[in-house]
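J.: My questions all concern the structure below.
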Amino acid sequence: MPRLSYRRALTRALADEMTRDESVFLLGEDIRVAAANVTTGLLKRFGPERVVDTPLSEQAFTSFATGAALAGLRPVIEFQIPSLLFLVFEQIVNHAHKFPLMTGGQCAVPVTYLVPGSGSRTGWAGQHSDHPYSLFAHVGVTTVVPATPADAYGLLVSAIRCDDPVVVFAPAGAMDLRADVGDPAAVPLGRGVVRRVGADVTVVAVGHLVHEALAVAGDLAGQVSVEVFDPRTLYPFDWDGLVESVSRTGRLVVVDDSNRSCGIAGEIIATVVERVRLLAPPRRVTRPDGAVLPFAPALDRAVQPGRDQLTAAIQLTVKDG
């Protein structure tokens with residue numbers, strides 16, 4: 001079984017979809033030279049008409065992609081920096097997302113917004129280190145955060161095939177992961193997965209933190225039986241799958257590498273509490289309120305949720321129950 005890196009899984013998904021469907025094309029800043037190491041080799045394979053370098057104007061090329069999608073194409077935009085999504089929130093939310101809704105489904109806007117390297121792991125500093133996926137989930141844009149190479153491939157494929165806008169966050173903490181992947185396939189949007197079965201507490205982990213949660217679950221084996229749930233898609237969320245897990249364990253901890261206030265962790269807890277009677281108060285492990293990551297690597301990592309915090313949250317939740 002061949003080993004595939006998360007980064008190369010994204011490349012393979014792009015290549016496979018461009019081969020399968022001639023309406024798929026790529027655009028973004030410096031994608032012809034593969035500045036983010038995701039579009040490597042695609043210019044040579046598909047040519048300059050389908051791998052398009054854009055001017056340094058996010059609002060312009062994001063609006064261009066909306067128009068191209070309305071005309072029947074399937075654009076994929078690569079954003080090298082997650083904070084650039086703040087610049088184009090208007091174009092994505094008020095235009096691409098709402099056009100099909102406001103026309104009663106008379107048009108489709110199949111644009112994929114790919115963010116390879118969201119968040120931070122190596123001191124990307126304050127304006128390059130955000131994880132703003134909660135913003136897109138809030139307004140109802142399909143939002144996915146793959147944790148594994150197989151899901152990076154499968155969710156990106158499904159995003160490109162979707163007739164609605166989809167934002168794909170590929171966390172910096174996952175980009176260099178490698179795993180055995182046989183024949184990668186499309187992964188349905190809106191369906192989570194239990195990565196580890198447990199009996200005492202459900203840990204919901206977003207993106208690269210799935211692997212941290214699995215490591216903590218392994219460390220605690222024999223003391224606490226931890227179930228790890230990977231939502232994969234944050235909107236639409238697989239509430240039925242999560243509720244089934246929490247109904248068995250009776251306890252909930254959420255670990256999420258985005259800011260605490262109004263984050264996806266709070267939404268997960270609120271929705272579960274509405275549907276399940278828990279044995280103990282739920283807990284969330286996140287960045288602090290309003291966090292802006294420092295450049296210094298040690299401070300960068302200190303602001304992000306880690307294994308020690310997650311371990312403490314799990315132990316407190318089990319103790320309280």
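The values are calculated or read from the model by the stated rules, or taken from the named source; none is laboratory data. What you see is a predicted model; the values in this text were computed from it and never measured. We place every Cβ from the backbone using ideal geometry, glycine too, and count neighbours over all the protein chains shown. SASA here: full protein model, heavy atoms, side chains in, ligands and nucleic acids out. Shrake-Rupley method; radii C 1.70, N 1.55, O 1.52, S 1.80 Å.
J.: Being under 22 Å from HIS211 (Cα atoms), in a helix (DSSP H, G or I) and either open to solvent by less than 10 Å² (accessible area, probe 1.4 Å) or hydroxyl-bearing (Ser, Thr, Tyr) (or both) is the filter here; which residues of the range 242-263 pass it?
T.: LEU242, SER245, VAL246, THR249
J.: Let me ask you something else. Within the range 91-104, track down each residue that is outside any loop (DSSP other than H, G, I, E, B), more than 23 Å from ASP30 (Cα to Cα) and under 20 Å from the mean Cα position of the chain (by Cα).
T.: VAL93, ALA96
J.: With PRO2, PRO82 as the choices, which residue is on the phi < 0 side of the Ramachandran plot, open to solvent by 10 Å² or more (accessible area, probe 1.4 Å) and touching a strand residue (DSSP E or B) at 6+ places or on another chain (Cβ under 9 Å)?
T.: PRO2
J.: Considering only residues that are hydrophobic (A, V, I, L, M, F, W, C) and open to solvent by 40 Å² or more (accessible area, probe 1.4 Å), look in the range 204-221 and name the one that is modelled with the highest pLDDT.
T.: Kept after step one, since they are hydrophobic (A, V, I, L, M, F, W, C), are these residues of the range 204-221: 204-206, 209-210, 213-217, 220-221.
Next, from what is left, pick out any that are open to solvent by 40 Å² or more (accessible area, probe 1.4 Å): 214, 221.
Numbers: LEU214: 98, ALA221: 95.
Here the residue is LEU214.
Residues checked against (1) farther than 16 Å from VAL193 by Cα; (2) in contact (Cβ under 8 Å) with a residue 12 or more places away in the chain:
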| residue | (1), (2) |
| --- | --- |
| ASP230 | no, yes |
| PRO236 | no, yes |
| GLY266 | yes, yes |
| ASP289 | yes, yes |
| LEU299 | yes, no |
| ARG307 | yes, yes |
| VAL318 | yes, yes |
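J.: Here's a follow-up. Quick one: count up the residues across the range 41-56 that are over 27 Å from the mean Cα position of the chain (by Cα) and either part of a loop (DSSP other than H, G, I, E, B) or among the aliphatic types (A, V, I, L, M) (or both).
T.: Looking only at that region, the number is 3.
J.: Which pairs have Cβ atoms under 6 Å, sit 6 or more apart or on different chains, and link a residue in the range 154-169 that is more than 20 Å from PRO82 (Cβ to Cβ) and of a type in the set (S, T, N, Q) to one that is in a loop (DSSP other than H, G, I, E, B) and open to solvent by 20 Å² or more (accessible area, probe 1.4 Å)?
T.: So the pair list comes out as SER158/ALA186; SER158/LEU189.
J.: Are any of the residues in the range 80-95 in contact with a His (Cβ under 9 Å, 6 or more places away or on another chain) and of a type in the set (Val, Ile, Thr)?
T.: yes
J.: If you don't mind, another one. Which number in (1) in a loop (DSSP other than H, G, I, E, B); (2) of a type outside the set (A, V, I, L, M, F, W, C); (3) within 20 Å of the chain's Cα centre (by Cα) marks the one condition that PRO75 misses?
T.: Unmet for PRO75, out of (1) in a loop (DSSP other than H, G, I, E, B); (2) of a type outside the set (A, V, I, L, M, F, W, C); (3) within 20 Å of the chain's Cα centre (by Cα): (1).
J.: Count, please, the residues in the range 97-124 that happen to be modelled with pLDDT under 85, open to solvent by less than 30 Å² (accessible area, probe 1.4 Å) and not polar (S, T, N, Q). Can you show your working first?
T.: Initial filter on the range 97-124 (modelled with pLDDT under 85): 120-124.
Subset that is open to solvent by less than 30 Å² (accessible area, probe 1.4 Å): 120, 123.
Within this subset, residues satisfying the condition of being not polar (S, T, N, Q) are 123.
Adding up the residues that qualify gives 1.
J.: Testing ALA60 on (1) hydrophobic (A, V, I, L, M, F, W, C); (2) open to solvent by less than 10 Å² (accessible area, probe 1.4 Å); (3) not in a loop (DSSP other than H, G, I, E, B), one condition comes back false. Which one is that?
T.: That leaves (2) as the condition not met.
J.: While we're here: What strands (runs of 3 or more DSSP E) completely inside the range 105-211 contain at least 3 residues that are more than 30 Å from ARG283 (Cβ to Cβ)?
T.: Values: elements: 112-118, 142-144, 166-171, 178-180, 193-196, 201-205.
Qualifying strands (runs of 3 or more DSSP E): 112-118.
J.: A further question follows. Among the residues of the range 183-203, are any among the hydrophobic types (A, V, I, L, M, F, W, C) and buried (at least 24 other Cβ atoms within 10 Å of the Cβ)?
T.: Filtering the range 183-203 down to residues among the hydrophobic types (A, V, I, L, M, F, W, C) leaves 185-187, 189, 193-194, 197, 199, 201, 203.
Next cut, buried (at least 24 other Cβ atoms within 10 Å of the Cβ) only: 201, 203.
Yes: one or more hits.
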